[in-house]
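As C-alpha cells, the structure follows; a few thoughts come after it.
The values are calculated or read from the model by the stated rules, or taken from the named source; none is laboratory data. On a predicted model such as this, the values are computed, not experimentally measured, just so you know. Reconstructed Cβ throughout: ideal geometry from the backbone, glycine too, with neighbour counts over all protein chains shown. Heads up: the accessible areas ignore ligands, DNA and RNA and are worked out on the full protein's heavy atoms, side chains in. Shrake-Rupley method; radii C 1.70, N 1.55, O 1.52, S 1.80 Å.
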Amino acid sequence: MNIKNIRADFPILAQSIQERPLIYFDNAATSQKPQVVIDAITHYYTHLNSNVHRGAHTLAERATIAFERTRETARAFINAASVQEVIFVKGTTEGINLVAQSFGTHSIEQGDEILISEMEHHSNIVPWQILAERKGAILKVIPVSDEGELDMEAFDKLLTEKCKMLAIVHVSNALGTHNPVKQMIQKAHAVGAKVLVDGAQSSPHFEIDVQDLDCDFYTFSAHKVYGPTGIGILYGKKEILDELPPYMGGGEMIKEVTFAKTSYNELPYKFEAGTPNIGDAVAFHHAMEYVNQIGKKNIATHEEELLRYGTEKLSNIEGLTIIGRAKEKASVISFIVKGVHHYDIGMLLDSKGIAVRTGHHCTQPLMSRFGIDGTVRASFAVYNEKEEIDMFAKELAQTIDMLR
Ligand code: PLP
C-alpha cells in the first residue's frame, strides 16, 4: 500500500492551513473524500439528475440504476443477505432513530428494558431515552472500566429477560474501544432481546459481516467511510423489518393510498419516504469501491501501526494521559493534559495546520465517567502518515510547554 499515492487521491490534503501543510487528524468526525467521490457528485448532477423509481424517461431510469447500484454495493460491503435489508438513511443518527421509533412502537411495552452502554454517542442514547419516556420503559447502562472497556460482568448481570433491545456501539468514537459485539449479540439473543449495532466508527476501519455478527440492526454513515455527508445505511433483518411499522409516511413508501386505508410498499422502500438524497447515494458507491480496492485489511493494518506509533509518541509527553487504553482499539487517541485545557491545545494546534477535535465528542456521560469535561482527540485514516504523527507530537509538546 503506497500512502503517497493514496494521499494524491484526496485533493483537500494538498492544502495549506494557516500557511502550514494540513495535518488532518479529525477523521472520526468525518473523513476526507477521494477525487472519484467528488467527481461522481459532479457527474451525477451533470449527466444523471432525475428522481428515482417514478419516471418513465431515460434519465429517471439511469438515476434509479445508479441509486440501486449503491444499495447493492452497500449490501456487499456489510455482507447483508439481501438488498431488501439495506435502507438508505441520512446517517447513523437517522438509522438509530428509525429503529427506536419503529421497533419501539411495535415491540417496547411499559416496564421493558433497553440496554445501552456508558460509552455511547448521544445519538445512541437520546432516541432510547425519548422512547423509554414515551413507553414507560427502563433504560439501563453497562458501565465502562478505567481502561475504557465495557464491564462484561456487569453486562451479564444487567441483561435480563426483560431486555428487549441492546443498542451498542461497535467502536467508541471517544475512546477507540472495539467492543466484543458478536459475543454480546449471542448473549442478548439468548434472553430474547434484539440488538442494534452503532457502526459509525467500525465501518471505516474493519470488515463488517452482519450475518456473521448476527445483529438485528447495523447502521453507519457514508461520510466517515470517505463518502458524502447526508447519506448512510440502516441494515435490518428482513423478517424483523417486515413486521415493523413505517418510520415516516409519504411518497415512495406506499403501495396504495385511499382516505380509508393505506397499504405500504415492500422492503426496503417501506422505510424510504420521500425523495432520497440521490446524488450523494450515487457517489457513495464510489467511496465503498475505493475502500474495497485498497482493502479493509490493508487499511486496518496501516491504521493499527499509526495507533501504535502515535500512542508511543504521545505517552512520552509529560503530563499527558491517554483516555481509553482498551486492548482492542481503532485508530483513535483521546487524551488530556494536566493543567492545560483541551480547547486551548486544539486552538494552538490549528494555528500550526493540525486539525484535531476537542470537547466531549457527543459523549457527555462518558466524560462524566472519567471526571473530565472533554479530551483532545486525534483519529487516523488510511491517508495519514507517521511523519504527520512526528510533526503532531513535536508541535503538541511545544504547545503544552507554552500553555503551561
Ligand atoms: N455514533 C458514533 C459512534 C459516532 O461517532 C457518530 C458520529 O460521530 C454517530 C453515531 C452519529 O453519526 P452521524 O452524525 O453521521 O449521524
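What is the one condition in (1) within 14 Å of ARG75 (Cα to Cα); (2) more than 13 Å from the ligand (Cβ to nearest atom); (3) open to solvent by less than 40 Å² (accessible area, probe 1.4 Å) that TYR226 does not satisfy?
(1)
On the basis of being in contact (Cβ under 8 Å) with a residue 24 or more places away in the chain, charged (D, E, K, R), surrounded by fewer than 18 Cβ atoms within 10 Å (Cβ to Cβ) and more than 28 Å from ILE87 (Cβ to Cβ), does ASP344 make the cut?
Criteria met by ASP344.
So which residues in segment 90-114 are under 18 Å from PRO245 (Cβ atoms), open to solvent by 20 Å² or more (accessible area, probe 1.4 Å) and within 16 Å of the ligand (Cβ to nearest atom), if there are any at all?
GLU94, ASN97, GLN101
Which of the numbered conditions does VAL36 fail, given that it passes all the others? Conditions: (1) outside any loop (DSSP other than H, G, I, E, B); (2) out of contact with any His (no Cβ under 6 Å at 6 or more places or on another chain); (3) of a type outside the set (D, E, K, R); (4) open to solvent by 20 Å² or more (accessible area, probe 1.4 Å).
(2)
Is it true that ALA80 is under 30 Å from GLN129 (Cα atoms) and more than 16 Å from the ligand (Cβ to nearest atom)?
Yes; evaluated as a whole, the condition is true for this residue.
To keep it simple, each residue is scored yes or no on (1) among the charged types (D, E, K, R); (2) in contact with a Cys (Cβ under 6 Å, 6 or more places away or on another chain); (3) at pLDDT below 95; (4) in a loop (DSSP other than H, G, I, E, B).
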| site | (1), (2), (3), (4) |
| --- | --- |
| ILE233 | no, no, no, no |
| ILE240 | no, no, no, no |
| GLY249 | no, no, no, yes |
| GLU252 | yes, no, yes, yes |
| LYS270 | yes, no, no, no |
| THR275 | no, no, no, yes |
| ALA281 | no, no, no, no |
| MET288 | no, no, no, no |
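Answer yes or no: is there a residue in segment 199-219 that is crowded, with 18+ Cβ neighbours inside 10 Å, in contact with a Cys (Cβ under 8 Å, 6 or more places away or on another chain) and at pLDDT 95 or above.
Of segment 199-219, the ones crowded, with 18+ Cβ neighbours inside 10 Å are 199-206, 208, 210, 213, 215-219.
Subsequent filtering for residues that are in contact with a Cys (Cβ under 8 Å, 6 or more places away or on another chain) retains none.
No, segment 199-219 has no match at all.
Taking ALA28 as the residue in question, decide whether it is in contact with a strand residue (DSSP E or B) (Cβ under 9 Å, 6 or more places away or on another chain), small (Gly, Ala, Ser) and open to solvent by less than 20 Å² (accessible area, probe 1.4 Å).
Yes: the conditions hold for ALA28.
Restricting attention to segment 53-73, which residues are modelled with pLDDT under 95 and open to solvent by less than 70 Å² (accessible area, probe 1.4 Å)?
Selection gives HIS53, GLY55.
Kindly establish whether ILE168 is among the hydrophobic types (A, V, I, L, M, F, W, C) and either assigned to a strand (DSSP E or B) or within 16 Å of the ligand (Cβ to nearest atom) (or both).
Considered against the rule, which asks whether it is among the hydrophobic types (A, V, I, L, M, F, W, C) and either assigned to a strand (DSSP E or B) or within 16 Å of the ligand (Cβ to nearest atom) (or both), ILE168 comes out as yes.
Is it true that some residue in segment 198-206 is within 16 Å of the ligand (Cβ to nearest atom), charged (D, E, K, R) and part of a strand (DSSP E or B)?
Yes, segment 198-206 contains a residue that is within 16 Å of the ligand (Cβ to nearest atom), charged (D, E, K, R) and part of a strand (DSSP E or B).
Being farther than 22 Å from GLU94 by Cα and open to solvent by less than 20 Å² (accessible area, probe 1.4 Å) is the filter here, so list the residues in segment 120-153 that pass it.
Answer for segment 120-153, where residues must be farther than 22 Å from GLU94 by Cα and open to solvent by less than 20 Å² (accessible area, probe 1.4 Å): ILE142, VAL144, GLY148, LEU150.
Quick check: is even one residue across segment 283-302 crowded, with 20+ Cβ neighbours inside 10 Å, over 30 Å from ASN49 (Cβ atoms) and not assigned by TED's automatic domain parsing to the domain that holds THR64?
Yes, that holds for at least one residue.
If you check HIS189 against the conditions, is it part of a helix (DSSP H, G or I), within 15 Å of the chain's Cα centre (by Cα) and in the same structural domain as TYR45 (by TED's automatic domain parsing)?
no
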